[in-house]
Amino acid sequence: MYPEIMVIPMREELTRLGVEELRTAADVDRFVQNESGATMVVVNSICGCAAGRMRPAVRLALQNATKPAKVATVFAGQDREATERARSYFTGYPPSSPSIAILKDGKLVYMMQRHQIETRDASAIAADLKAAFEQHCAATVAG
């Protein structure tokens with residue numbers, strides 16, 4: 001684990017956007033189980049691809065008109081219990097950090113893993129996230 005003082009700016013890069021920080025397993029369960037509709041969980045990391053690609057992409061994507069109702073983050077390598085619990089909801093995917101998941105009514109509907117982040121620029125990642133928002137977060141109209 002890194003000294004907390006080192007990761008504060010990396011945490012704040014997301015929390016300044018209104019992203020809720022989840023530091024315990026109970027925080028994660030409360031967030032996932034008590035939210036209806038689409039939510040997003042960002043697995044933050046100290047790595048360069050999180051700093052130069054993932055966090056800027058999240059910032060760009062959250063400017064989209066259609067987006068998850070709530071967004072939260074866990075910090076891999078720092079808040080282990082919270083990260084492990086968040087990953088337990090990402091069924092069918094191995095641990096990956098950074099990564100971004102969209103859940104709908106507590107069930108995983110979209111996953112972006114490190115290999116989809118580390119070689120691409122923030123605008124390309126944001127475009128994929130916006131497309132996922134349109135697909136999974138748009139309100140459905142009853143007919």
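A short reminder: the numbers here are calculations on the coordinates, not readings from a lab. Model, not experiment: these values are computed from the prediction. Here Cβ is always computed from backbone atoms with ideal geometry, including for glycine, and neighbour counts include all displayed protein chains.
The table below lists the values:
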read-out: Where trypsin sites (Lys or Arg not before Pro) fall in DSSP loop in the range 1-62, at most 10 other Cβ within 10 Å; value: Arg16
read-out: Whether the chain is rounded, prolate or oblate, judged on the alpha carbon gyration tensor where a/c under 1.5 counts as rounded; value: oblate
read-out: Proxy reagent accessibility, fewest Cβ within 10 Å first, across Lys107, Lys67; value: Lys107, Lys67
read-out: Around Glu13: net Lys/Arg minus Asp/Glu count, Cβ-Cβ under 12 Å; value: +2
read-out: Within the range 4-132, percent of DSSP bridges classed antiparallel, to nearest 5; value: 60 percent
read-out: Dipole magnitude (debye, nearest 20) for the chain, charges at Cβ of Lys, Arg, Asp, Glu; value: 220 debye
read-out: Residues Val58, Val74, sorted so that the one with the fewest Cβ neighbours within 10 Å comes first; value: Val58, Val74
read-out: Sum of side-chain charges, Arg55 neighbourhood, beta-carbon under 11 Å (Lys, Arg +1; Asp, Glu -1); value: +2
read-out: The chain: relative contact order as a whole-number percent, Cα under 8 Å and 6+ apart; value: 32 percent
read-out: Residue order, fewest to most beta carbons within 10 Å, for Cys49, Cys137; value: Cys49, Cys137
read-out: For the chain, with +1 on Lys and Arg beta carbons and -1 on Asp and Glu, the positive-most of Leu108, Ala127, Ala38 along the dipole; value: Ala127
read-out: Derived scalar couplings ³J(HN,Hα) [the range 5-19; Karplus, 6.51 cos²θ - 1.76 cosθ + 1.60; whole Hz; x for Gly, Pro]; value: 4, 6, 9, 3, x, 6, 5, 5, 4, 8, 5, 4, 7, x, 6
read-out: Interchain or long-range residues, amide H under 5 Å from Gly37's placed H; value: Asp105
read-out: Additional length obtainable on full extension of the chain from Leu60 to Asp121, 0.36 nm per residue less Cα span; value: 20.8 nm
read-out: Sites Lys104 and Tyr2, calculated FRET efficiency, Cβ-Cβ separation with R0 35 Å, nearest 0.05; value: 0.60
read-out: Local net charge near Arg85, Cβ-Cβ under 13 Å (Lys/Arg +1, Asp/Glu -1); value: -1
